[in-house]
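Here's the structure, in structure tokens; my notes come after.
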Amino acid sequence: MRGLTSKEEEIMGFFWKKGPLFVKDMLAFYDEPKPHFNTLSTIVRGLEEKGFLLHNVFGNTYQYYVAVSEEEFRKGTLKNVISKYFGNSYLSVVSSLVKEEDISLDDLKQLITEVEKAHKK
């Protein structure tokens, strides 16, 4: 799965929260100064080219909707980070979190318990 720029991710957030949208509807989600319609339209078309959005035709306008759920995007992004920065080693990820004290021993024990429960099912 290809990554998203911060603007693309922001726009995908609108679709994930609001559902199908016309580009003109998206302008309401922005404070002043609002982005230009053509700018949003270009980004949305780019998202469609990347496979994140699809569209339905209504007269001479398009209503866009998600092709990739937020959960699918999160999973793909996490896998890419683990692959790129941790050599595909989930153990290295957890080890890094423990070393940086971003995860406590109690949290780690809880994680182990949850993994064990999931494997028993």
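The values are calculated or read from the model by the stated rules, or taken from the named source; none is laboratory data. The structure presented is a predicted model; accordingly, all values stated were derived computationally and were not measured. Heads up, the Cβs are rebuilt from the backbone with ideal geometry, glycines too, and the neighbour counts pull from every protein chain shown.
When you scan the range 75-86, do you find a residue that is part of a loop (DSSP other than H, G, I, E, B), more than 30 Å from Phe14 (Cβ to Cβ) and either at pLDDT 85 or above or over 12 Å from the mean Cα position of the chain (by Cα) (or both), even just one?
Taking the range 75-86 as the starting set, the residues that turn out to be part of a loop (DSSP other than H, G, I, E, B) are none.
Looking through the range 75-86, none of the residues is part of a loop (DSSP other than H, G, I, E, B), more than 30 Å from Phe14 (Cβ to Cβ) and either at pLDDT 85 or above or over 12 Å from the mean Cα position of the chain (by Cα) (or both).
Output the residues belonging to the range 38-57 that are free of Cβ contacts under 8 Å to residues at least 24 places away in the same chain and over 19 Å from Thr5 (Cβ atoms). I'd like the intermediate steps shown before the answer.
Restricting attention to the range 38-57, the residues satisfying the condition of being free of Cβ contacts under 8 Å to residues at least 24 places away in the same chain are 38-39, 41-42, 45, 48-49, 54-55, 57.
Leu54, His55, Val57, listed by residue number.
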| So which of Glu101, Glu114, Glu72 is of a type in the set (Asp, Glu) and modelled with pLDDT under 85? | Glu101
| request: Quick one: Val57 ticks every box in (1) surrounded by 14 or more Cβ atoms within 10 Å (Cβ to Cβ); (2) among the aliphatic types (A, V, I, L, M); (3) not in a helix (DSSP H, G or I) except a single one, so which number is it? | output: (1)
| query | Does the range 29-43 contain any residue that is touching an Asp or Glu at 6+ places or on another chain (Cβ under 8 Å) and either outside any helix (DSSP H, G or I) or surrounded by 13 or more Cβ atoms within 10 Å (Cβ to Cβ) (or both)? | reply | yes
| message | Looking at the range 72-89, can you tell me whether even one residue there is of a type outside the set (A, V, I, L, M, F, W, C) and within 28 Å of Lys24 (Cβ to Cβ)? | response | yes
| remark: The correct count of residues that are in a helix (DSSP H, G or I), surrounded by 11 or more Cβ atoms within 10 Å (Cβ to Cβ) and within 22 Å of the chain's Cα centre (by Cα) in the range 17-28 is 5
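Quick check on Phe86: is it in contact (Cβ under 8 Å) with a residue 60 or more places away in the chain and either surrounded by 15 or more Cβ atoms within 10 Å (Cβ to Cβ) or in contact with a strand residue (DSSP E or B) (Cβ under 6 Å, 6 or more places away or on another chain) (or both)? Working first, answer last.
Working: in contact (Cβ under 8 Å) with a residue 60 or more places away in the chain: no; either surrounded by 15 or more Cβ atoms within 10 Å (Cβ to Cβ) or in contact with a strand residue (DSSP E or B) (Cβ under 6 Å, 6 or more places away or on another chain) (or both): yes.
Judged against the criteria, Phe86 is not a match.
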| task | Scan the range 105-115 and give yes if some residue there is touching a helix residue (DSSP H, G or I) at 6+ places or on another chain (Cβ under 8 Å), surrounded by fewer than 13 Cβ atoms within 10 Å (Cβ to Cβ) and either within 22 Å of Gly3 (Cβ to Cβ) or touching a residue at least 12 places away in the same chain (Cβ under 8 Å) (or both), otherwise no. | result | no
